[in-house]
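Below is one structure, written out as structure tokens; the observations come after it.
The values are calculated or read from the model by the stated rules, or taken from the named source; none is laboratory data. Please read all numbers here as calculations on a predicted model, not as lab measurements. For the accessible areas, the whole protein counts, side chains as well, though only heavy atoms, and no ligand, DNA or RNA atoms are used. Shrake-Rupley method; radii C 1.70, N 1.55, O 1.52, S 1.80 Å.
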Amino acid sequence: MAAYKADQSLNFPIEVEVDNNNTVNLKAGMYGTVEFNYNEGDKKLIIPRTAFVGSVNNNKVFVIENGIAKMKDVVSGRILGEEVEVLKGLKTNDIVVITGQINLTDGTNVTILNKTI
């Protein structure tokens, strides 16, 4: 059964049923990692976790439009380690600020020093 709410580290505790085929003995207290594979057609925009203003819970990022920083509200999806899926609020070609947001406010003029794709 899946948890209805994330814990403080934004993890969702779940239970997974595993068939024990007797080639490897499963013992109490063992743990593992689960990888969920999604269809290639299910691709979403992925941005670094550091792009979020404050934290991933805040759901705000800065994008650069015509040399001006603009704060945008986004809807985040899955957290994939140091990356976060963005479900709504960004377009494919948006330039997202990933460092230095503490020095920005909405409408600040900016110069792009390093653009990565």
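In table form, for the structure just shown:
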quantity: The chain - accessible surface per residue (Å², probe 1.4 Å); calculated: 82 Å²
quantity: Whole-percent carbon and sulfur share, accessible surface of the chain, 1.4 Å; calculated: 51 percent
quantity: Nonlocal Lys pairs with alpha-carbon distance under 12 Å, the chain (8 or more apart, or different chains); calculated: 7
quantity: Percent of C-alpha pairs per 10 Å bin, the chain, short to long; calculated: 11, 35, 26, 16, 9, 3, 0
